[in-house]
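Read through the structure below, which is laid out as structure tokens, and then see the notes.
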Number of protein chains: 2
Amino acid sequence: MRAALDAAAQAAAEGEVPVGAVVVRHAIIVAVAGNAPRRLHDPSAHAEMRAIRAAAKALGRDRLEDCDLWVTLEPCAMCAGAIAHARIARLYYGAGDPKGGAVEHGPRLFGQPTCHHRPEVYPGIGEREAALLLRDFFRDRR
Amino acid sequence: MRAALDAAAQAAAEGEVPVGAVVVRHAIIVAVAGNAPRRLHDPSAHAEMRAIRAAAKALGRDRLEDCDLWVTLEPCAMCAGAIAHARIARLYYGAGDPKGGAVEHGPRLFGQPTCHHRPEVYPGIGEREAALLLRDFFRDRR
């Protein structure tokens, strides 16, 4: 989660909402990414999506069933959907997101009957620092 | 929708589940893409995601509020989430997808209170041909 938090801080420095994500396989980091939709002109460029795409590319396959995802914020519907498509084994995340989260909030995607893959979910990892990064970012923008 | 159906047929020819998508702006096609997660080693490479990403890149911005998306199959949660993030104005789609769809089935994302953007939705456009492409693809795979 340290690497994910660092990627989130880096995203903030680039003017993006500070969220960071890391894909880990057999205790080794396969991909690290920060949130970057504005910088990349890509509405799908959330940290989770970028990390999953980079890991899949690095491993040369479209399924990551032996990989875990660490992310500083509760994933949104788009990212939770991608996590299911990628068959991520375990999801660790920091702060909950009542406004945009889709794991413990909103549509709670992994609990939907049509969800075809449910990772193990571990919330609240590094929550305080992840939430502080977001709070400071939005406070400075006001 | 003709271009989206052609992209779906092309995806089938490449061994991918036949779904195609097109982004249109002011009656001009900005991007066309077929489903390609296996070929690209990218679990997020659904037709809608690829078309949205290509359109955003072509237009040099991360929001497509003046664009419409045409897709041959009801979008899944990942793609519906991306459609909301991209602020797509109108969504036209072909066949409904009771197993994986997230617009009229499953989580019905655009009806969720936490959904921050709802496109106008027009289902059933080119439905018969879109469904036939999928049926033939899965029949040939059995």
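Odds and ends about this structure:
- Checking each residue in the stretch B:1-23 for being closer than 21 Å to A:Met78 by Cβ and not in a helix (DSSP H, G or I) picks out B:Glu16, B:Val17, B:Val19, B:Gly20, B:Ala21, B:Val22, B:Val23.
- Output for the stretch A:57-89, where each listed residue is farther than 20 Å from B:Cys79 by Cβ and in contact with a Lys or Arg (Cβ under 8 Å, 6 or more places away or on another chain): A:Leu59, A:Glu65, A:Asp66, A:Cys67, A:Asp68
A quick yes/no check of all residues on (1) buried (at least 24 other Cβ atoms within 10 Å of the Cβ); (2) within 11 Å of another protein chain (Cβ to nearest Cβ):
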{"site": "B:Leu5", "(1), (2)": "no, no"}
{"site": "B:Glu14", "(1), (2)": "no, no"}
{"site": "B:Val19", "(1), (2)": "yes, no"}
{"site": "B:Ile29", "(1), (2)": "no, no"}
{"site": "B:Ala33", "(1), (2)": "yes, no"}
{"site": "B:Pro37", "(1), (2)": "no, yes"}
{"site": "B:Ile52", "(1), (2)": "yes, yes"}
{"site": "B:Lys57", "(1), (2)": "no, yes"}
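- Any chance A:Ala47 is within 14 Å of another protein chain (Cβ to nearest Cβ), touching a residue at least 40 places away in the same chain (Cβ under 8 Å) and closer than 30 Å to B:Val23 by Cα: yes
Bear in mind that the values in this text are calculations on the coordinates, not laboratory data. This one's a predicted model, so the numbers in the text were calculated from it and none came from an experiment. Note: ideal-geometry Cβ built from the backbone for every residue, glycine included; neighbour counts use all protein chains shown.
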